[in-house]
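The values are calculated or read from the model by the stated rules, or taken from the named source; none is laboratory data. What you see is a predicted model; the values in this text were computed from it and never measured. Note that each Cβ is placed from the backbone with ideal geometry, even for glycine, and that neighbours are counted across all protein chains shown.
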Amino acid sequence: MNSTADHTQASEPTFARDLGLFDATMIGVGAMIGAGIFVLTGIAAGESGPASILAFALNGAVTLLTAFAYAELASAIPEAGGGYAFVRRAFPGAIGFTAGWMLWFAYTVACSLYALGFAGYFWEFFIKYAPELANLVFGVVGEHGAGLIVTLIVGVLFVRLNVRGAAVTGKAENVLTVAKLIVLCIFIAYGLKAVGADPGQVEQAFNPFFPKGMGGVIVSMGLTFIAFEGYDLIATVAEEIKEPEINIPKATFISLGITVIMYLLILFVSLAAVKTPDGSPSWQFLGNYGETAIVRAAEGFMPEFGVAIIVFGGLLSTMSALNATVMASSRVAFSMGRDRWLPSAVGTIHPERRTPHVAIMATGGILLVMAMTLPIEAVGSAASLIFLLTFAMVNLSVIVLRRKAPEIRRRYRVPFYPYVPILGIVLNIFLAVYQFTFQPLAWYVTIAWVIAGLLLYYGYFDKQAAAVKPQVLDAPVHRKVAVEDAVVVTLHNPDTAGILIDYANAIAEARKRALVAFSVVEVPRQLPIHEGLRFAHHREALLKTAREYAHQNKLAVETDLVVAHRASDGILSGAKRFSADFMVMGWKGYTDTRDRIFGEVADQVIRHAPCDLAMLKIERNERPKRCLFPTAGGPHARLAAEMLNVLAPAFGMSVTACYVVSPDATEVERREAERWIGKALESLAIDIPVERKLIEATSVAGGIAKESRDYDLVVLGAAREPFLSQVMFGEIPEKVARYSPADVLVVKRFEGQVRSLLKRALG
């Protein structure tokens, strides 16, 4: 990489990687062991009795399935945003937006719940140990007002803490989480001591184990699943974790292991150590007290200060969880802002503190408004449902990205693939659907939120992203060519510029169009667009090379530079600037990779190109002499035929049309295949001599790729794919391009605005 490129990267503000393995683990533990375990113990016991332990254990197992998915994806895609970043990569468009929109809502609701929970524990402490002060405050502002005041103060405090930086936030999280674990360990220790003093209490407490049957266990699982949400927060701060490929999987599993062990021990001692006054089962006693059950349990087997310790633990838990979820929620918002699916300011990083300060403050403002105005219980249940649905999408993303982007380096891989992610999908969806039977309001709130998001997406956010795309310098840094209806070729690599110009020139001559070669100067998003002038000289050198090549070969070519914040924006803007009739660009042979230039950029260009498009995967970097033409049909086959009619005489190239048949195909099937080749060549109006060949193979793409070893070029039309498919050119063309040792030219005819908009709408 040249110095200019290095300079470009260095000029872009990035997150400070201040969080180590311990910090990341504490984020997960702090988020999972929140107020949930304090309020859900009694509720779970009341719904399923002693089998509540089984409910928590099963939830831990379900959570582990999705944790495997998070570990793989976070190690491969260590980006801010966590689950949103993964789903967006697998399902760009409306589906990816919806995942981020739902997660932002769920995390922000969780923040509101924790802030309100802190206020509740805060005043509970004063009611018990300083009632005069509590009564005085309540007399002035009322109990509700007192709760809102504390909620406001703690919310502002942790927003401010997060703005200061991940290092400060991480240290605070570490202190809070360790202190919380100490409190819970004290509770467990006293409980085990009480059990040891009367071992017979255990049998009495756990007999019968299923007083409400397995149905009660499932209900408890749905009610308590929110207590296991939190490990995913580690992935949302991936860009701030040291050695994310190693530390994120480790932190995910360590935090989950600690949490499950703590939960099971808390449930065990709460059930086994409590002696009820009337001799009733302990699970009924805990169920009767519901949200305050753990406090009542502490009164039974801990000293006088036990209640104070538990209340203090509740304060620590809510603070720790609030801190972690503010961090997570703001990172989702930041990632969406960076993708221009929220206002672009949300996607900026503070130049000194290196935190997403706007996203943090936006999240903080929303969480305070929600806490003070909305029926938080209703939206809280919806948040639990959203997590279940999102976790199912993350598991699906593992499968999709294994197929779409196998070349991504994965330091950790899901074991027993694909069975583990499939089971994760099934179980998360099952719990989500079952939740409707006892919390239908959660579904109504979730559906309303999704509909609102999609309306905003199609009405504003998607248009905003499209409107921002021409973040292109109006005044060109080279002379602006006055060309319209041109054949354009995008140049990035000086080694391949010549062959791309050759292809584009042949097409331009055949279509009687001018030829324009342009290159894109990328400017870091946080810098003004005019700063691109500072990074233009290496692109000027590339275009100078292109002009010299054209002069040597007596080709007429105009050149220009386009300055843009994103390479795909610049390419599309350049195509529109010259009212492109046809566009040629280089290609790696696959899409949706982490490569900045020809990976995700290719996806965007293919999806939004305003003209006919040819993508050339270059292996030989010279004019081809032998061409293989698969005659599989499809909506873009005619454009492929047009390319053959142009390129064959221009390059002096021989053409062989082929069709793939099964090795055990009958003679009748082989004759039918030969007739198909003839009909295809006739219908496509190919007016050059063409040889014909049948290829025997079990796989169409594999057969073509293997046969192409004897050829210089393969020409393919994009296949017809379902709207929801994320394979840009179709499965067969992309597999051929990926695995063929020859050059591969895939062409796609512009389908018009209506069909393009439909494809964008459906992802």
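For this structure, a couple of remarks:
- Cβ pairs under 6 Å, 6+ apart, first in region 623-650 and in the same structural domain as VAL700 (by TED's automatic domain parsing), second buried (at least 22 other Cβ atoms within 10 Å of the Cβ) and of a type in the set (Lys, Arg): HIS636/LYS748
- Screening GLU558, GLU531, GLU548 for residues that are acidic (Asp, Glu) and at pLDDT below 70 leaves exactly one candidate, GLU531.
- Filter result for GLY459 (out of contact with any His (no Cβ under 6 Å at 6 or more places or on another chain), part of a helix (DSSP H, G or I) and modelled with pLDDT of 85 or more): no
- Candidate set from region 95-129 (those that are over 24 Å from PHE158 (Cβ atoms) and small (Gly, Ala, Ser)); member that is modelled with the highest pLDDT: ALA99
- Yes/no for SER683 being more than 37 Å from the chain's Cα centre (by Cα), of a type in the set (Ser, Thr, Tyr), surrounded by fewer than 16 Cβ atoms within 10 Å (Cβ to Cβ) and in the same structural domain as LEU745 (by TED's automatic domain parsing): yes
- Filter result for the condition that a residue is within 30 Å of GLY82 (Cβ to Cβ) and either in the same structural domain as GLY81 (by TED's automatic domain parsing) or without any contact (Cβ under 8 Å) to a residue 60 or more places away in the chain (or both), over LEU271, LEU267, LEU286: LEU267
- Set LEU271, LEU265: member being among the aliphatic types (A, V, I, L, M), surrounded by fewer than 24 Cβ atoms within 10 Å (Cβ to Cβ), under 19 Å from ILE186 (Cα atoms) and modelled with pLDDT of 85 or more: LEU265
- First in region 739-757 and over 22 Å from GLU642 (Cα atoms) and surrounded by fewer than 24 Cβ atoms within 10 Å (Cβ to Cβ), second anywhere and small (Gly, Ala, Ser) and modelled with pLDDT of 90 or more, Cβ under 6 Å, 6 or more apart: TYR739/ALA705
- Of the numbered criteria (1) at pLDDT 85 or above; (2) buried (at least 19 other Cβ atoms within 10 Å of the Cβ); (3) more than 14 Å from TRP283 (Cβ to Cβ), the one VAL217 fails is (3).
- Hey, SER75 under 27 Å from the mean Cα position of the chain (by Cα) and modelled with pLDDT of 75 or more or not: yes
- The residues in region 413-427 that are buried (at least 20 other Cβ atoms within 10 Å of the Cβ) and assigned to a loop (DSSP other than H, G, I, E, B) can be counted, and the count is 1.
- Some residue of region 313-335 being assigned to a loop (DSSP other than H, G, I, E, B), closer than 26 Å to ALA51 by Cα and not hydroxyl-bearing (Ser, Thr, Tyr): no
- The number of residues in region 633-658 that are under 40 Å from the mean Cα position of the chain (by Cα), under 22 Å from TYR739 (Cα atoms) and surrounded by fewer than 21 Cβ atoms within 10 Å (Cβ to Cβ) comes to 2.
- THR437 at pLDDT below 80, in the same structural domain as VAL109 (by TED's automatic domain parsing) and of a type in the set (S, T, N, Q): yes
- Checklist (1) over 27 Å from ALA405 (Cβ atoms); (2) surrounded by fewer than 22 Cβ atoms within 10 Å (Cβ to Cβ) applied to PRO610, failing item: (1)
- Of all positions in region 545-554, at least one carries a residue that is surrounded by 22 or more Cβ atoms within 10 Å (Cβ to Cβ), in contact with a Leu (Cβ under 7 Å, 6 or more places away or on another chain) and among the hydrophobic types (A, V, I, L, M, F, W, C).
- When residues of region 347-396 are limited to those that are among the hydroxyl-bearing types (Ser, Thr, Tyr) and within 22 Å of ILE451 (Cα to Cα), the one modelled with the lowest pLDDT: SER381
- Residue check for GLY81: under 22 Å from TYR231 (Cβ atoms) and touching a Leu at 6+ places or on another chain (Cβ under 9 Å): yes
- Filtering region 534-586 to residues that are of a type in the set (Lys, Arg) and under 12 Å from LEU515 (Cα atoms) leaves only ARG547.
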